[in-house]
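Novice: Handing you a structure now.
The values are calculated or read from the model by the stated rules, or taken from the named source; none is laboratory data. Predicted, not measured: the structure shown is a model, and the values here were computed from it. All Cβ positions, glycine included, derive from the backbone under ideal geometry; neighbour counts span all protein chains shown. Only protein heavy atoms, including side chains, enter the accessible area calculation; ligands, DNA and RNA are left aside. Shrake-Rupley method; radii C 1.70, N 1.55, O 1.52, S 1.80 Å.
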Amino acid sequence: MDDQQIREALTAMVTDLDPDAEYELRHEGFVADMPQSGERIRGRENMRAMQQAFPPDRAPTFRVRRITGAGAVWTVEATGDYGGEIYLVVGIFEFRDGKIIRETRYYPQPFEAPEWRSQWVERIADA
């Protein structure tokens, strides 16, 4: 993918929130970290399963504020509405072979990891 295609794919990914479409954008070796909650998600299968299990009353919607980057590393700044709770979110996306290999999501404040998604994540100590 060229830079314009990556920008379009990230915009669609953040605003559409389609677990199956996102699955296709992710590399087989995909890893996502959420340092504030101390969680790591290994594998695009686990990410898709977690997204599909998200409680309907907490299902987020996002508005992209800005996307920057080039080549293999991109940053998305967004505003997320999680059932009436508003968060600023910064996501760093790393690409390999035209797919997202690593994603790190930063939220402005720490939060406890929800128990409902524990089967798809592992705790990370450096959070």
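Novice: Could you tell me what percent of the accessible area of the chain is made up of carbon and sulfur, with a 1.4 Å probe and every protein chain present?
Specialist: In the chain, the share of accessible area belonging to carbon and sulfur is 49 percent.
Novice: At a Förster distance of 22 Å, what's the computed FRET efficiency of Gln52 paired with Tyr106, Cβ-Cβ distance as r, to 0.05?
Specialist: With a Förster radius of 22 Å, E is 0.40.
Novice: Which FRET efficiency value, to the nearest 0.05, do you get for Val73 and Asp16 by plugging their Cβ-Cβ distance into 1/(1 + (r/R0)^6) with R0 = 22 Å?
Specialist: Once the sixth-power term is evaluated, E becomes 0.50.
Novice: For the chain, give me the percentage of DSSP beta bridges that are antiparallel, rounded to the nearest 5 percent.
Specialist: Antiparallel bridges: around 90 percent, rounded to the nearest 5.
Novice: What percentage of all Cα-Cα pairs in region 25-64 are separated by more than 14 Å?
Specialist: More than 14 Å apart: 58 percent of the Cα pairs in region 25-64.
Novice: Could I ask something else about it? Accessible area per residue of region 13-122 at 1.4 Å probe, in Å²?
Specialist: Dividing the accessible area of region 13-122 by its residue count gives 52 Å².
Novice: Quick one: length gained pulling Asp3 to Ile86 fully straight, 0.36 nm per residue minus the C-alpha distance?
Specialist: Stretched fully, the Asp3-Ile86 segment lengthens by 26.9 nm.
Novice: What fraction, in whole percent, of alpha-carbon pairs in the chain exceed 21 Å separation?
Specialist: For the chain, the share of Cα pairs beyond 21 Å comes to 35 percent.
Novice: Rounded, prolate or oblate: which one fits region 73-127, using the alpha carbon gyration tensor with axes a ≥ b ≥ c (rounded when a/c is under 1.5, else prolate when a/b beats b/c, else oblate)?
Specialist: oblate
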